[in-house]
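Engineer: Please read through the structure below; I'll follow up with questions.
What follows is calculated from the coordinates using simple rules that are stated; it is not laboratory data. Note that this is a predicted model, so its numbers are computed, not measured.
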């Protein structure tokens, strides 16, 4: 077999040298690893993005240290190892392009130890093969999407949060209520709902002004939020001066304990009220309902209705109290009366 001519070899060397120089000056942050996952190129844009100089990583397998605090593979490593099945383990967003030589794409938050701040990076990594199909390098390119991601997260938060109190809004409440109701139907466990209402809030606004009213609502919201401590608990602003707290896997007694803690905590704030017909300080009325959904129950309207009626009863009976719909019906039945014939204080007016 004829050997390559000297001229041909020089052409290849020149091409290789040109490719390396071109990659070094690319505005896109790029690095290259060999089949043993050692860094062979770390361009200037990559130095600027990561704060890590090429001299720190060239010839090593320490490129992960530019992005993470603990050792883990970068996307280029997964391409070199041909392990698309590990993408879900390391990346929140990813796409495996299969074994057709096109590599992988992914996105995730990187801690960037040298910079001391997190960046959200979009990453592409693709293999380079020789004419025989053997892997000779993997190229990884990076794009900083931090600003776009934060803007996206802010928009998402605005869509789910109440602007005044920072609690979840009514839309989030409705979605969580439906999903937790469905889960409770599957698990056959109780689900509790609290409706919390600021007593005589219109009178408070009339006496102290709307700015003080907003401050009052934020203070109450903070108390309600502190009692949503488990991962699936949800505190929300239901509307106006009314708040709601979804408490999955909780019976009536435990929910009433939390409701009374919320009521007592707001009293302890001693927010001056003093309007005619109101207490000296802001108080709350709380309606509580708990139910184990059955297959025939349909949606959560029964739970909503029971908590709403309990709240109304708390107001009719003098405010600044907790009423549990389940207890009221049980006590009424214990008197030998029909639980369906709920006393007048526990019935909403229809007009």
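Engineer: Where is the GNM fluctuation largest for the chain (alpha-carbon springs, 10 angstrom cutoff): 20, 139, 288?
Structural biologist: 20
Engineer: Additional query: If contacts are Cα pairs under 8 angstrom and at least 6 residues apart, what is the relative contact order of the range 12-150 in percent? It would help to have the intermediate numbers written out before the result.
Structural biologist: Details: 266 pairs, mean separation 30.1, N = 139.
Here the relative contact order equals 22 percent.
Engineer: What is the Cα centroid distance between the range 232-288 and the range 65-97, reported in whole angstrom?
Structural biologist: Rounded to whole Å, the Cα centres lie 47 Å apart.
Engineer: Taking Cα atoms, how many degrees apart are the long axis of helix 170-187 and the longest axis of the chain, rounded to 10 and kept between 0 and 90?
Structural biologist: Taking Cα atoms only, the helix is inclined about 90 degrees.
Engineer: Separate question: For helix 6-24, report the angle its Cα long axis makes with the longest principal axis of the Cα atoms of the chain; keep it between 0 and 90° and round to the nearest 10°.
Structural biologist: So the helix axis and the longest Cα principal axis differ by about 30 degrees.
Engineer: Taking a ≥ b ≥ c as the square roots of the Cα gyration tensor eigenvalues, with a/c under 1.5 meaning rounded and otherwise prolate when a/b beats b/c, else oblate, which class fits the range 12-150? Working shown, then result.
Structural biologist: Details: a/c = 1.67, a/b = 1.18, b/c = 1.42.
Here the range 12-150 falls in the oblate category.
Engineer: Once percent of Cα pairs over 36 Å apart is worked out from the coordinates, which option in (1) 27; (2) 11; (3) 49 does it equal?
Structural biologist: (3)
Engineer: When only Cα pairs under 8 Å and 6 or more residues apart are kept, what is the percent relative contact order across the range 145-217?
Structural biologist: Details: 20 pairs, mean separation 12.8, N = 73.
After rounding, I find 18 percent.
Engineer: Taking 0.36 nm per residue of sequence separation and subtracting the Cα-Cα distance, how much length would be gained by fully extending the chain between residue 60 and residue 48, in nm to one decimal?
Structural biologist: Values: separation 12, 0.36 × 12 = 4.32 nm, distance 1.91 nm.
This chain segment gains 2.4 nm when fully extended.
Engineer: To continue, here is another question. Pairs of alpha-carbon atoms within less than 8 angstrom and 6+ residues apart define the contacts here; what relative contact order does the chain have, in percent? Don't jump to the answer; show the numbers that get you there.
Structural biologist: On the way: 607 pairs, mean separation 40.3, N = 351.
That works out to 11 percent.
Engineer: Let me ask something else about it. Give me the angle, in degrees from 0 to 90, between the Cα long axis of helix 210-226 and the longest principal axis of the Cα atoms of the chain, rounded to the nearest 10.
Structural biologist: The helix 210-226 is inclined about 70 degrees to the chain.
Engineer: Would you please report the Å³ per residue occupied by the convex hull of the alpha carbon atoms in the range 161-346? Show your work: numbers first, answer last.
Structural biologist: Working: hull volume 20.8 nm³, N = 186.
Per-residue hull volume (Cα only) is 112 Å³.
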